[in-house]
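Note sheet for the following structure.
The values are calculated or read from the model by the stated rules, or taken from the named source; none is laboratory data. Quick caveat: nothing in here was measured; it's all calculated off a predicted structure. Cβ placement follows ideal geometry from the backbone for every residue including glycine, while neighbour counts extend to all protein chains displayed. All accessible areas refer to the heavy atoms of the entire protein, side chains included, with ligands and DNA or RNA removed. Shrake-Rupley method; radii C 1.70, N 1.55, O 1.52, S 1.80 Å.
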Number of protein chains: 2
Amino acid sequence: MPAVTLSEVARAAGVSPATASRVLNGSSRTPGADIAERVRAAAAALGYIPNAQAQALARSSSGLLGLIVHDIADPYFSSIARGVQSAARELGKILLLTSTEGTPAEERLAVEAFTSRRADAIVMAGSRSTRTEDSLDNAALKRETERYLANGGSLVLVGHDLVSPEGASDHGSPSGPEDADLEASFAPSPLLVSIPNEFLARELGLCLSDEGFSRFAIVAGPEGLMTSDLRVSGFQMALGEKGLQEADVLRSAFNRDGGYDAGGALEASVRAAVERGDRLCIFAVNDRMAMGVVAALRQKGLHAPTDYAIAGFDDINTLEDFIPGLTTVRLPLEEIGRKAARAALTGEDPLPAAGEVILRESTGRRA
Amino acid sequence: MPAVTLSEVARAAGVSPATASRVLNGSSRTPGADIAERVRAAAAALGYIPNAQAQALARSSSGLLGLIVHDIADPYFSSIARGVQSAARELGKILLLTSTEGTPAEERLAVEAFTSRRADAIVMAGSRSTRTEDSLDNAALKRETERYLANGGSLVLVGHDLVSPEGASDHGSPSGPEDADLEASFAPSPLLVSIPNEFLARELGLCLSDEGFSRFAIVAGPEGLMTSDLRVSGFQMALGEKGLQEADVLRSAFNRDGGYDAGGALEASVRAAVERGDRLCIFAVNDRMAMGVVAALRQKGLHAPTDYAIAGFDDINTLEDFIPGLTTVRLPLEEIGRKAARAALTGEDPLPAAGEVILRESTGRRA
DNA sequence: GATACGAGGGAATGCGCTTGCCAAGTTCCA
DNA sequence: TGGAACTTGGCAAGCGCATTCCCTCGTATC
């Protein structure tokens, strides 16, 4: 029972496929009212649904918007996804989703798949990795995106730009001999909804120093994870500006469990501070890590803000009912998603995302 | 700079497009090794990426898996989405996502869009509505899914079946005159990953009675929301079996804020119980509502499990760090997503989802 | 009333790929 | 050694639709 085709509708209406096409899908030429009505009636009666694949092939525009995230179950990304979806709906596009688990290799695959699908635009969110073990995959990812762009696609990155191969672009690229030189100057480049991680982390650092904290520890993701690294450096920068000692950096996985592990490791420092009559202020580079830290320390009988202070980053919506209310940096994630999608689809360069420090109970006065 | 096509590759390799097609895309016929190598080399050199639209058109299989959820930013759905994505990856499909905000009208649109895209399979998750104001849209949704199925699509519902129009199927349908009779018996029907909401809510009710609670209140979603209604009735059923009085039902929005509102409204009852030296046990029909209730009551100075007890449903992963640890019914959401996707893609009938009551601090002994 | 012009409908072509079919070349057994 | 039975490329016909070009017919203009 194959689907009803346009020519069947046309035959039923007693017109040519060309005419049927013109009335059913917004063409510049509008057939006469009576005919149009007949065609529409026939289409309705037969339950005609256009074959989007065929349309895409004929028009060479697919109506697809690709979204690449690290983990769709992570509230950070699912909020962005929500924004992207809402923009896609408004613009009449439908969403292609890939959740990559964060590896550049998977991201490359996703870009390839979307290219193959001829997605009109792609939004790629999530931290880049500057680790050397990822550099090959990063380079491959970069080439893949360039190919996509060269084929007329539109790409917007959320967060930061792709990492370029070490040797910059002035050495001839080792693989493609000539195209690097010839096309480089004309090659379209991805747009960027930048998230000022470093700047905002610095703001947070300044705020917290102003609150009177003087001893800090940072719970970060693995070295080479760009988002984490920037937040760390921004925060340290603030401490430096305030004439404070640099914070110790504890590295673990960039998620809740990583935070939990780090929290356990911080017990001694927290207790030491308490015994000195002081409080350690912990900055976890994202909210989920912060939640993990809090959970671990609570198990040890240590509580914020009484025994220590803690701040996160992102202001994921999960935080709403978390105790203690967590100081953090709000990122308008859904809005960022919307913006990215609109930029990708309309081609206009987006503004960087805004963000703001939100002080809550977790860095408040000692209970 | 249009993308490179198969025939360009073929020409470069000095073979026919047919041969090139056979070597590049898994065909049953594999050309000779030397030729294959030549073609592969040419494809690599030119950076060929097959046009999936054209392939889909020619093969009449798109390699697309559609996913329809109410709200992708809701952890309930994003967990399911994660499972679906992982199954899709394993089976070499790519995901089409629509987040509908829960209205049957939007869901119908999504099914139509996926049909148009010729998605190989669709997974639709989220509660159905039995409200009369939705009955028209429900009927339209049902017709749309039937059309999709009739066109050879495969549909899996997560949760419960579609709601059928009132008059059952024995009256001739008012719209399509003959096809209702003729095709009805052969019409393929959607598969179902059923979630035993009623059964599990009953289990929860039994557990809580066994814990010694005797006065209950239920915080439910709006009447007519099937998931909510079933959880309410299952719970009440348990109370009846235990010879307890039926619980009062408070209705509000099926989300965190709805729970918050209901929590405020429950203050008096909670206090009354406390003054009697008793504790009210609240069952919120989903975790997010439960979190809202807790937040509202906390603002009034009331805490679980000291002043009242509370249980939720779903065991969304956000709960991990929620205080107090919330008694709930665990649903293996990611697993459910995987199962649904596999069923949709392979066509085999899935088993119902399992679930289990998880007792935690929120219904424990009085602090 | 003849000419010019515009509007509306249809035939044909192509989007990029798959695949049934055919012809030519091989292998193998009687 | 002569086919029978396979292989293996290539040819061509679509898949379902948009769109260009052409043709016809109706109407306005003088």
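The figures follow:
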read-out: Candidates B:96, B:141 - the one that is among the hydrophobic types (A, V, I, L, M, F, W, C), in contact with a Phe, Trp or Tyr (Cβ under 7 Å, 6 or more places away or on another chain) and modelled with pLDDT of 95 or more; value: B:96
read-out: Lone qualifier among A:99, A:127, A:79 - being over 22 Å from residue B:69 (Cβ atoms) and open to solvent by less than 30 Å² (accessible area, probe 1.4 Å); value: A:127
read-out: Test: residue A:38 is more than 30 Å from residue A:122 (Cβ to Cβ) and not acidic (Asp, Glu); value: yes
read-out: Every residue from the stretch A:74-92 that is in contact (Cβ under 8 Å) with a residue 24 or more places away in the chain and either in contact with a helix residue (DSSP H, G or I) (Cβ under 7 Å, 6 or more places away or on another chain) or aliphatic (A, V, I, L, M) (or both); value: A:75, A:76, A:79, A:80, A:81, A:82, A:83, A:84, A:86, A:87, A:88, A:91
read-out: Single unsatisfied condition, residue A:298 versus (1) assigned to a loop (DSSP other than H, G, I, E, B); (2) within 14 Å of chain B (Cβ to nearest Cβ); (3) open to solvent by 50 Å² or more (accessible area, probe 1.4 Å); value: (1)
read-out: Count - residues of the stretch A:207-232 that are surrounded by 17 or more Cβ atoms within 10 Å (Cβ to Cβ) and without any contact (Cβ under 8 Å) to a residue 60 or more places away in the chain; value: 2
read-out: Sole residue being under 20 Å from residue A:96 (Cβ atoms), charged (D, E, K, R) and more than 8 Å from chain A (Cβ to nearest Cβ), chosen from B:112, B:37, B:106; value: B:106
read-out: Members of the stretch A:271-293 found to be within 14 Å of chain B (Cβ to nearest Cβ) and more than 14 Å from residue A:316 (Cβ to Cβ), listed by number; value: A:293
read-out: Qualifying residue in the stretch A:73-93 (condition: aromatic (Phe, Trp, Tyr), on the phi < 0 side of the Ramachandran plot and more than 9 Å from every other protein chain (Cβ to nearest Cβ)); value: yes
read-out: Checking residue A:40 against (1) open to solvent by 30 Å² or more (accessible area, probe 1.4 Å); (2) without any contact (Cβ under 8 Å) to a residue 60 or more places away in the chain; (3) within 30 Å of residue A:333 (Cβ to Cβ), the condition it does not meet; value: (3)
read-out: Condition met for residue B:101 (part of a helix (DSSP H, G or I), within 12 Å of chain A (Cβ to nearest Cβ) and without any contact (Cβ under 8 Å) to a residue 40 or more places away in the chain); value: no
read-out: Selection count where residues are near DNA strand C (Cβ under 7 Å from one of its atoms), assigned to a loop (DSSP other than H, G, I, E, B) and at pLDDT 85 or above, scope the stretch B:1-37; value: 1
read-out: Any hit, the stretch A:266-278, residues being closer than 24 Å to residue A:333 by Cα and open to solvent by less than 10 Å² (accessible area, probe 1.4 Å); value: no
read-out: Failed condition for residue B:314, given (1) over 18 Å from the mean Cα position of the chain (by Cα); (2) within 25 Å of residue B:223 (Cα to Cα); value: (1)
read-out: Filter result for residue B:56 (near DNA strand D (Cβ under 10 Å from one of its atoms), under 41 Å from the mean Cα position of the chain (by Cα), more than 30 Å from residue B:289 (Cβ to Cβ) and buried (at least 22 other Cβ atoms within 10 Å of the Cβ)); value: yes
read-out: Qualifying residue in the stretch B:141-163 (condition: within 8 Å of another protein chain (Cβ to nearest Cβ) and in contact with a strand residue (DSSP E or B) (Cβ under 9 Å, 6 or more places away or on another chain)); value: no
read-out: Of all residues in the stretch A:316-330 being open to solvent by less than 20 Å² (accessible area, probe 1.4 Å) and in a helix (DSSP H, G or I), the one that is nearest to the other protein chains (Cβ to nearest Cβ); value: A:321
read-out: Subset tally (residues that are near DNA strand D (Cβ under 10 Å from one of its atoms) and buried (at least 18 other Cβ atoms within 10 Å of the Cβ)) for the stretch B:7-30; value: 8
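Matching residues to (1) among the polar types (S, T, N, Q); (2) within 16 Å of DNA strand D (Cβ to nearest atom); (3) in the same structural domain as residue A:123 (by TED's automatic domain parsing); (4) in a helix (DSSP H, G or I):
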position: A:39; (1), (2), (3), (4): no, yes, no, yes
position: A:68; (1), (2), (3), (4): no, no, yes, no
position: A:77; (1), (2), (3), (4): no, no, yes, yes
position: A:80; (1), (2), (3), (4): no, no, yes, yes
